Amino acid sequence: MCTEIRPVFHRLALCAARWAGRLCVCVSLLSFVGVGLFHGPAMAQDLFDRTTKTKSLLTGEAGYRLTVFAEIPNARSIAVAPELKGVFVGTRGPNLYFARDDNGDGVAETVNLIGDDFKMANGIAYQPGTLFVADQHRIVSYDLDGFDGKTLGRPRILFTNLPDERHHGWRYAALSPDGARLFVAVGAPCNICKVSGLEGTIISIPTAGGAPKVYATGIRNSVGLTFHPDTNELWFTDNGGDRLGDDIPREELNRASQPGGFYGYPWYAGNDTRSPQFDDEEIPGDPIFPEFTFNAHNAPLGLTFDDGDALVALHGSWNRTIPDGYKVMRVEFRDGKAVTANPFLSGFLRSNGEVIGRPVDVKHYVDGSILISDDHASVIWRMVPNG
């Protein structure tokens, strides 16, 4: 099934200040036909107005300016496809999209619904010629030879025995630096509980398909994986346990220098906080503690490395007395160690408690800008470096 989401007013935008050091916000107004968001010029104008207002309330790191790449319902995982002049965008639901930027100006001219039959199309990865999708219950790939940006062919089944549980069933995927293996995070199907099989792990499989290898264990729910561009080490986020208080446990940014690491769950609820259900049990191995932590319930998700630092999307709290998170943080590194964090893009949480956006994924675009998906505002933001 394929639905093209066409701009109602072709690339309607305020383009007067493209020069003089500013990039105009060329926002395609999208009529999300068939996906229930809106249709028709009036509703398209409403979305344009809402997105423009949201953008005006956000604050970016000095040296960057904020624009809009595309408006996509429930936009989550991003996979940039330079050869196809576009970006694949997954969702925490059945839909998968492709946003095409034909002329490379950093604004998608069209957004197409290219698949709508997934259980959870959150985990996606791309390499030239192939799209990988880590669904809730299985991992598949698509041959992109002849891909027109509108329709995917039949999937090739790579692995079928992922734990088929909706709780923490939204996968995240990343390709190894050599492109030979696909890494997939498999969350625990609960808040804090004993796990079995592939639950609570990061696995890898050959990109051609086959039996998985468990790369790391003791992970509650990672929804962000990336490889360090210099060391090729795997880094991943992990969300801590809920209902233990407003300020515990801390949320995690982890490094996996080699396979076989154990990261503490469920004996640890997050960071060095013991899980009350298992605090009298002997821990089966020496846990690896995180390289850096965030406030409890900040929900760190997607991440990428940028100029030696890590950019981490904090999706934001849902069960904290005073909401927290809701920003993209730059985690600064010194001598290979994460030492501090400062906002890269913020303002999604207003002073009155209103939430106007929730960052999910962070990826570099082909022109050196940075794409940030937002499943609350249904937008992919673009941070463009000045100069």
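The values are calculated or read from the model by the stated rules, or taken from the named source; none is laboratory data. Not measured: the values here are computed from a predicted model. Quick reminder, even Gly has a Cβ in these numbers, built from the backbone with ideal geometry, and neighbours come from all protein chains shown. Surface areas here come from the heavy atoms of the whole protein model, side chains and all, with no ligands, DNA or RNA. Shrake-Rupley method; radii C 1.70, N 1.55, O 1.52, S 1.80 Å.
Points worth noting:
- Leading residue at positive end of dipole, the chain (Cβ point charges), from Pro276, Val107, Leu345: Val107
- The listed residues Trp235, Trp170 rank as Trp170, Trp235 when sorted by accessible area, largest first, using a 1.4 Å probe.
- Full extension of the segment from Thr151 to Thr231, taken as 0.36 nm per residue of separation minus the current Cα-Cα distance, would add 25.1 nm.
- Our summary gives region 213-336 a relative contact order of 24 percent, counting only alpha carbon pairs under 8 angstrom and 6 or more residues apart.
- Measuring between their Cα centroids, region 215-281 and region 84-121 lie 30 Å from each other.
- Its relative contact order, with pairs defined as Cα atoms under 8 Å and 6+ residues apart, puts the chain at 14 percent.
- Estimated dipole of region 51-182 in Debye, rounded to 20 [Cβ of Lys and Arg +1, of Asp and Glu -1, Cα centre]: 400
- When the chain is treated as a GNM with alpha-carbon contacts under 10 Å, the residue of Thr304, Thr52, Thr231 showing the greatest mean-square fluctuation is Thr231.
- Calculated FRET value between Asn103 and Lys337, using beta carbons and R₀ = 35 Å, to 0.05: 0.25
- Zone of Asp279's modelled label, taken as backbone nitrogen in region 212-250 under 17 Å from a point 7 Å along Cα→Cβ: 241-250
- Acute angle (nearest 10 degrees) that the helix 40-57 long axis makes with the longest principal axis of the chain, alpha-carbon atoms: 60
- Taking Cα centre as origin and charging only the Cβ of basic (Lys, Arg, +1) and acidic (Asp, Glu, -1) residues, the dipole magnitude of the chain rounds to 840 debye.
- Net charge dipole size for region 77-125 [Lys, Arg +1 and Asp, Glu -1 on Cβ; Debye, nearest 20]: 260
- Taking region 270-387 and dividing mean pair separation by its residue count, relative contact order in percent (alpha carbons under 8 Å, at least six apart): 17
- Percent breakdown of C-alpha pair distances by 10 Å bin, ordered from the shortest bin, for region 253-387: 11, 35, 33, 17, 4, 0
- Lys150 accessible area, 1.4 Å probe, all protein chains in place, Å² to nearest 10: 80
- Signed unit charges on C-beta, dipole axis of region 283-387, positive-most listed residue Pro359, Asn319, Phe292: Asn319
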